[in-house]
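The values are calculated or read from the model by the stated rules, or taken from the named source; none is laboratory data. Since the model is a prediction, treat every value here as computed from it, not as a measurement. For neighbour counting, all protein chains shown are included, and Cβ atoms are generated from backbone atoms with ideal geometry for every residue, glycine included.
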């Protein structure tokens, strides 16, 4: 269907919708064909001399509502009309913030004022260089970005792709995937697979394989890139049989599939992460049937148990479909999708978590007692077989630094420990394993702190993005 790849370019007076702001302007619009139907996007020029085609809110799956809630994603039904893709789609349902009651606190770091969420959220945003005189024999590489947010918050549109697409001459795609219980609730005996959000990501990769030629893209040059929890997701795709042949390059930023928080622990039955969700008090053993009946507002209120030491409430589960075994086993066997890998972390990965702890304890100064409290909470769970681990950690991350302001010494020690434990060590472990099977592996630490960086001095370099 719609195999004719002819572009339709027109100039008309239209309303281009970005975020929740309506702009009346004479805007160039462009129509493209996809496997499911035609879509209308618009042409922008935020970077002078680099025009970009934008298609915002392109459906890549049927809305995961009603009978499709807590089910594997399915392809969207074809449409006959030209579908406008001029407005950023709503975010998937978000977990209410732990510290504040702002549902969109994470999104607002990147897109201030955005306030739309919906269970009907499986849409992608595509940014493509506008070069009408470009030879059709020369195809664009594709970058697919998987957002972070602990698999509970965030959206693809937190990151604009237009400048990167225009400047780098590549196609950039961001997208939403189901979050929280709707995307990751795993209870094997209740037919709850738990990896629905990952299957949404696979669906986007398949959409690229089937449709990107209509945008002058090269389906054989796809890079998947993820940040934080999205980085762990990229790692899962490297070893998932479902992602085989769907990408060539992988970028893992500030996260690892081998981190303790990325998958359900060994102490839980295979296929389960139900320990993170409170349904027991509701006295209902038919979890899937029960969850399918809930209205989305009630579903949203049934948020996971979460505290600063838990890091992620809905870890991946071994479902024998997306993940056939624990990622460490697959990586150790060298069963890798893709050909080249780039891993990166920042100097102060743990600083954002330090901020959350300050809010949690309602203090302005990171006191020594907070450091000890965190170690007390972590040690029995993460190091159950090592006696005296807290003392070992306190010695390793002792007050040995002499070039740090006195009031920052404790928080800097915590940030260093947190960075190593949560991010850096699992990433180095991953790099060491991958290096056994390929030379196409690159690893770097991003240490530069911009003069324009906001936040306290001790925050340092906390995020690549």
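Results, tabulated for the structure shown:
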read-out: Of the criteria (1) at pLDDT 95 or above; (2) within 26 Å of residue 321 (Cβ to Cβ), which one residue 89 fails; value: (2)
read-out: Entirely in the range 159-254, the strands (runs of 3 or more DSSP E) that have 3 or more residues that are surrounded by fewer than 24 Cβ atoms within 10 Å (Cβ to Cβ) and over 13 Å from the mean Cα position of the chain (by Cα); value: 217-227
read-out: Yes/no for residue 154 being in contact with a helix residue (DSSP H, G or I) (Cβ under 8 Å, 6 or more places away or on another chain) and either outside the structural domain of residue 256 (by TED's automatic domain parsing) or buried (at least 24 other Cβ atoms within 10 Å of the Cβ) (or both); value: yes
read-out: One residue from 63, 129, 73, 90 being in the same structural domain as residue 30 (by TED's automatic domain parsing), under 19 Å from residue 203 (Cα atoms), surrounded by 15 or more Cβ atoms within 10 Å (Cβ to Cβ) and in contact with a strand residue (DSSP E or B) (Cβ under 9 Å, 6 or more places away or on another chain); value: 90
read-out: Filtered residues of the range 15-44 (kept if modelled with pLDDT under 95 and over 12 Å from residue 86 (Cα atoms)); value: 24, 25, 26
